[in-house]
1. For L69, indicate whether it is among the aliphatic types (A, V, I, L, M), under 19 Å from V21 (Cα atoms) and without any contact (Cβ under 8 Å) to a residue 12 or more places away in the chain.
2. Tell me which residues, restricted to segment 1-26, are among the polar types (S, T, N, Q) and either touching a His at 6+ places or on another chain (Cβ under 8 Å) or loosely packed, with under 14 Cβ neighbours inside 10 Å (or both).
3. Tell me, yes or no, whether segment 14-26 has at least one residue that is of a type in the set (G, A, S) and touching a residue at least 12 places away in the same chain (Cβ under 8 Å).
4. T78 is checked against (1) in contact with an Asp or Glu (Cβ under 9 Å, 6 or more places away or on another chain); (2) assigned to a helix (DSSP H, G or I) and fails just one. What number does that condition carry?
5. May I ask you to verify whether S101 is in contact with a Leu (Cβ under 9 Å, 6 or more places away or on another chain), under 30 Å from F119 (Cβ atoms) and loosely packed, with under 14 Cβ neighbours inside 10 Å?
6. Select from segment 54-98 the residues that are buried (at least 18 other Cβ atoms within 10 Å of the Cβ) and not aliphatic (A, V, I, L, M) and write down the one among them that is nearest to M111 (Cα to Cα).
7. Does segment 27-53 hold any residues that are part of a loop (DSSP other than H, G, I, E, B), surrounded by 13 or more Cβ atoms within 10 Å (Cβ to Cβ) and hydroxyl-bearing (S, T, Y), and which are they?
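Values quoted throughout were computed directly from the atomic coordinates according to the rules given, and no laboratory measurement underlies them. Since this is a predicted model, take the numbers as computed values, not measurements. Here the Cβ positions follow ideal geometry from the backbone for every residue, glycine too, while neighbour counts run over all protein chains shown.
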Amino acid sequence: MNILINSLIVYVVVFHVWAMVLEMFLWTKPLGRKTFGLSKEDAETSKTLAANQGLYNGFLAAGLVLSFLVANPDTAFTLKVFVLSCVALAGLYGAMTAKISILFLQGLPAMIALALLLFARG
C-alpha cells in the first residue's frame, strides 16, 4: 500500500514541477503556448500571472518533497495530508473554472493518494 501511495505522491510532485516549468519558463515559448492553447499575444500579456501560478505549483511540489524528508512520521503524514488536500482542491477548482482535464491530471491523483493515505493510517 505504501508503494502505491508514494508512487501517486511522486506523480503529483512531478506533475507540479512540470507545471511550474511550463508556467514560469516556457509560457511564451512554443511548447508553453501549445500546451495552454495560447496565442503569442495572449502568452505575452499573461506571462507574469502564469509565472506566479507556476511558483505556487512549485511550492506544492516542495511541500510533498519535504514530507518525504522529515524524520517524524506524524509530521510527514500531516504534511502529506495538507498538501494533497490543497492539490485536490486546486484540481477541483481548475476543473470547474478552466478545463475538466485538470480534474483528472491534477485533482484525481491527489484525491486517490489522500484517500489511501488516510485509509492506511486507520
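1. Details: among the aliphatic types (A, V, I, L, M): yes; under 19 Å from V21 (Cα atoms): no; without any contact (Cβ under 8 Å) to a residue 12 or more places away in the chain: yes.
Spelling it out, it is not the case that L69 is among the aliphatic types (A, V, I, L, M), under 19 Å from V21 (Cα atoms) and without any contact (Cβ under 8 Å) to a residue 12 or more places away in the chain.
2. Our first condition is that a residue be among the polar types (S, T, N, Q); within segment 1-26, this holds for 2, 6-7.
Within segment 1-26, N2, S7 qualify.
3. Keep residues of segment 14-26 that are of a type in the set (G, A, S), which gives 19.
From what is left, the residues that are touching a residue at least 12 places away in the same chain (Cβ under 8 Å) are 19.
Yes, segment 14-26 contains a residue that is of a type in the set (G, A, S) and touching a residue at least 12 places away in the same chain (Cβ under 8 Å).
4. Just one mismatch for T78, condition (1).
5. Values: in contact with a Leu (Cβ under 9 Å, 6 or more places away or on another chain): no; under 30 Å from F119 (Cβ atoms): yes; loosely packed, with under 14 Cβ neighbours inside 10 Å: yes.
Judged against the criteria, S101 is not a match.
6. Of all residues in segment 54-98, those buried (at least 18 other Cβ atoms within 10 Å of the Cβ) come to 54, 57, 60-61, 63-64, 67, 79-80, 83-84, 87-88, 90-91, 95.
Now restrict to residues that are not aliphatic (A, V, I, L, M): 54, 57, 63, 67, 80, 91.
Numbers: G54: 21, N57: 17, G63: 16, S67: 17, K80: 11, G91: 9 Å.
Among those residues, the one meeting the criterion is G91.
7. T28
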